[in-house]
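Below you'll find the structure, written out as structure tokens, and then a few comments.
Each reported figure results from applying straightforward, stated rules to the coordinates on display, with no laboratory input. Keep in mind it's a predicted model, so treat the numbers as computed, not measured. So basically every Cβ, Gly included, is an ideal-geometry build from the backbone, and we count neighbours across all protein chains shown.
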Amino acid sequence: MSTITDNINKLRDQIRSAAATYQRSADSIKILAVSKTHPASAIAQAHEAGLFDIGENYLQEALEKQAQLTRLPLTWHFLGPVQSNKTKAIAENFTWVHTVDRLKVAQRLSAQRPTHLPPLNICVQVNISQEATKSGCAIDELTELASAIQNLDNVTLRGLMIIPQPSTDFTEQRAAFRQTNLLMQELNQQLGLQLDTLSMGMSNDLEAAIAEGATCIRIGTAIFGQRN
Ligand SMILES: *Cc1c(COP(=O)(O)O)cnc(C)c1O
């Protein structure tokens, strides 16, 4: 068995166990395989082990791997900072964008999404730990941004995404995830939305994220090994 297959099997056990502990269905937690810096062959192995959702951070690198893997029925998620001059290629080549944090980017993605494709799924990235240097929408600007995105034609607002300040403390990890879950519920109530996606949890904090309702965990290292 390849290391990647082995890693994915262990990850699935970990998810099943966390889901059982927190009384959730393991099927409600999607694994997004985050493959930045790893080759197309590693993605093919993850697919062989049953994963379909692939996350990439850098546009050029992602397009090269996509070109090598057109034979596989993969769903591509963009996870990097979105620069305005990259929105067209992102709108054309991805199914999801998890890192929208300002209206201008959402407007461009909507305008540039090819009309023969379904609307682009997007998550608003929230700067949950309120770090000055981090990307992400400020918490007090979230309602206005979500409301404006909701009115765009060719994108569908699906939920929220966070990259919290790293912590090794389980209680602290849970606090950021819980707050994000509450923010999504508030948006659904205030704006009458049906957001259903909480993109949160990475290799080191996936259990805390599952405890607080993550529906999409973004896993790199625990699947593909350390990045250089
Ligand atoms: C790299 C990355 C991940 C995966 O992180 P690991 O700790 O390797 O699991 C998840 N989300 C984003 C946005 C990333 O850039």
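Per the conditions (1) surrounded by fewer than 21 Cβ atoms within 10 Å (Cβ to Cβ); (2) of a type in the set (A, V, I, L, M); (3) within 19 Å of residue 149 (Cβ to Cβ), the sole criterion not satisfied by residue 97 is (1).
Restricting attention to region 165-198, the residues being surrounded by 17 or more Cβ atoms within 10 Å (Cβ to Cβ) and among the charged types (D, E, K, R) number 1. Sort out for me the strands (runs of 3 or more DSSP E) sitting completely within region 131-228 that have 2 or more residues that are touching a residue at least 12 places away in the same chain (Cβ under 8 Å), of a type outside the set (S, T, N, Q) and more than 14 Å from the ligand (Cβ to nearest atom). Where strands (runs of 3 or more DSSP E) fall fully within region 131-228 and carry at least 2 residues being touching a residue at least 12 places away in the same chain (Cβ under 8 Å), of a type outside the set (S, T, N, Q) and more than 14 Å from the ligand (Cβ to nearest atom), they are 155-161.
When every residue of region 113-136 is checked against the conditions, at least one turns out to be on the phi > 0 side of the Ramachandran plot and surrounded by 15 or more Cβ atoms within 10 Å (Cβ to Cβ).
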